[in-house]
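Throughout, read-outs are computed from the coordinates displayed, never taken from laboratory work. Please read these numbers as outputs of a predicted model, since none were measured by experiment. Backbone-built Cβ (ideal geometry, glycine too); neighbour counts: all protein chains shown.
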Amino acid sequence: MLDPEELDKSGMPLTARCVFVLKDKKLKLSLLYPATTGINIPELIRVVKSLKLTAEKKVATPANWQSGQDCMVVPSLSNEQATKLFPKGFKTADLPSKKTYVRTTPDPSECTEF
């Protein structure tokens, strides 16, 4: 892809770097790095690991999540379902509303490789 905002000395557009992650013919992630910005490879690896984990398990990953850190139990699971799915258990956040939908569990992945 070409970046129309960034031009070389002769006025030609510089290339932009694009990253697309597809699964089951669906776009799961799209990143566009302009020519003036470097690609963050550790962040790409982190995101791919998160996408793989969240596709296979009933969890979500918070911002800046790294393999091995706690994950969020998806709110659509009941506590009974979560107990069966997560043998290491889960913790419920103490919220002022007393609602129990914010739950964390240890990383349920069996390995940290992707």
Environment charge at C71 (Cβ cut-off 9 Å; Lys +1, Arg +1, Asp -1, Glu -1): -1
Taking N as its residue count, the alpha carbon Rg of the stretch 40-109 over 2.2 N^0.38 Å: 1.15
5 angstrom amide H check on C71, placed H, neighbours 5+ away: T105, D107
Between 0 and 90°, nearest 10: helix 41-56 axis offset from the chain longest Cα axis: 40 degrees
J(HN,Hα) series, the stretch 70-86, from Karplus relation 6.51 cos²θ - 1.76 cosθ + 1.60, nearest Hz, glycine and proline x: 4, 10, 8, 6, 4, x, 6, 7, 6, 4, 5, 5, 4, 4, 6, 6, 10
For the chain, with +1 on Lys and Arg beta carbons and -1 on Asp and Glu, the positive-most of L32, L85, P108 along the dipole: L85
For E6, residues with placed amide H under 5 Å, excluding near neighbours: L14
Surrounding net charge for T92, when Lys and Arg each add one and Asp and Glu each subtract one, Cβ distance under 11 Å: +3
Which listed pairs, of K49/K99; K49/K84; K26/K84; K23/K99, have C-alpha distances above 32 Å, in listed order: K23/K99
Proximal charge balance of L2 [Cβ under 13 Å; K/R count +1, D/E count -1]: -3
